[in-house]
Amino acid sequence: MALRPILVAPDPVLKQKSKPVEGGVTDAHRALMDDMLETMYDAPGIGLAAIQVGEPLRIIVMDLAKEGEPPAPRYFVNPEITWASDELFSYEEGCLSVPDIYDDVERPARVKLRYLNYQGEQIEEEAEGLYAVCIQHEMDHLEGVLFIDHLSRLKREKALSKLKKARKEAAL
Ligand code: K1U
Ligand code: ZN
């Protein structure tokens, strides 16, 4: 297992659309998921999409266990949302690729999803609460969409200029 650097906006790689995993889940995909999980725990974060470590594949890892609970890693390969509720839910989101910026995003409160797990088995389930927020946030990454793309143009431009300023200062 290895820690991978997390790409930070406005890196153009984050705007790429990720490609489906073809031919099932292999040991190479599992090795990538192991690296992603380690990188996510180290950050720390609760989710990570493969594109955030520069791999344009439709792969996500997540762990929503609360502090003091045992780890509960989840792995999603080729996830698809098959249904979304009309009811919306607003949550203050963050992103490891948009450090130190947090803002409310409104998304469907509940979704049904289909994906392949770590073993390559097909799973269908319903998500709500933080699980629904996080899977929709991570699936946006697979389309090259960041949570700041859901904000007003003014808020997004403010966030991007804050990131560019932080990058300049780090380079000094
Ligand atoms: O970069 C990412 O996609 C991960 C992101 C996931 C997420 C968070 C909140 C709402 C939607 C999606 C994060 O993990 S940001 C960090 C974070 O939320 C966190 C960090 C430490 C402890 C608890 C939460
Ligand atoms: Zn994110």
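For n ≥ 4 DSSP H runs only, could you compute -39500 (n - 2.57) per run for the chain, divide by its residues and tell me the 222 nm figure to the nearest 500? Don't skip to the answer; put the middle values down first.
Values: 3 runs with 49 residues, N = 172.
About -9500 deg cm²/dmol.
For the chain, return all DSSP H helices satisfying: extent of Cα atoms along own axis at least 18 Å; mean Kyte-Doolittle hydropathy at least -0.5.
Values: long enough: 27-42 (22 Å, -0.64); 129-142 (21 Å, 0.28); 153-171 (27 Å, -1.37).
Span-like helices here: 129-142.
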Legend entry - Percent of Cα pairs exceeding the 23 Å cut-off, where the set is the chain: 39
Legend entry - Centroid-to-centroid separation of segment 124-172 and segment 34-96 [C-alpha atoms, Å]: 13
Inset, instruction - Report the local net charge at Gly45: Lys and Arg +1, Asp and Glu -1, summed over other residues whose C-beta lies under 11 Å from its C-beta. - result: -3
Inset, instruction - Determine the sum of side-chain charges near Ala31: Lys and Arg each +1, Asp and Glu each -1, restricted to other residues whose C-beta is under 12 angstrom from that of Ala31. - result: -3
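Can you pull out the trypsin sites (Lys or Arg not before Pro) in segment 1-71 whose DSSP state is coil and whose Cβ has at most 16 other Cβ atoms within 10 Å? Display every interim value, and only then the final one.
Details: sites: Lys15, Lys17, Arg30, Arg58, Lys66; in loops: Lys17, Arg58, Lys66.
Counting only loop positions with at most 16 other Cβ atoms within 10 Å, the trypsin sites (Lys or Arg not before Pro) in segment 1-71 are Lys17, Lys66.
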Inset, instruction - Please tell me the relative contact order of the chain in percent, rounded to the nearest whole number, where contacts are Cα pairs under 8 Å and at least six residues apart. - result: 23
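What net charge is computed for the residues neighbouring Asp11, neighbours being all others with C-beta under 13 Å from the C-beta of Asp11, Lys and Arg scored +1, Asp and Glu -1? Before the final figure, lay out each step's value.
Details: positive: Lys15, Lys164, Arg167; negative: none.
For residues surrounding Asp11, the net value is +3.
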Inset, instruction - Using a 1.4 Å probe and ignoring any ligands, DNA or RNA, find the accessible area of Lys112 and quote it in Å² to the nearest 10. - result: 90
Inset, instruction - Kindly provide the GluC sites (Glu not before Pro) of segment 143-172 that DSSP labels as loop, not H, G, I, E or B, and whose Cβ sees at most 15 other Cβ atoms within 10 Å. - result: Glu143
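The values are calculated or read from the model by the stated rules, or taken from the named source; none is laboratory data. In this text the structure is predicted, and so the values were computed from the model without any measurement. Every residue, glycine as well, gets a Cβ built from its backbone with ideal geometry; the counts of neighbours run over all protein chains shown. Please note that ligands, DNA and RNA were not included when accessible areas were found on the heavy atoms of the full protein model with its side chains. Shrake-Rupley method; radii C 1.70, N 1.55, O 1.52, S 1.80 Å.
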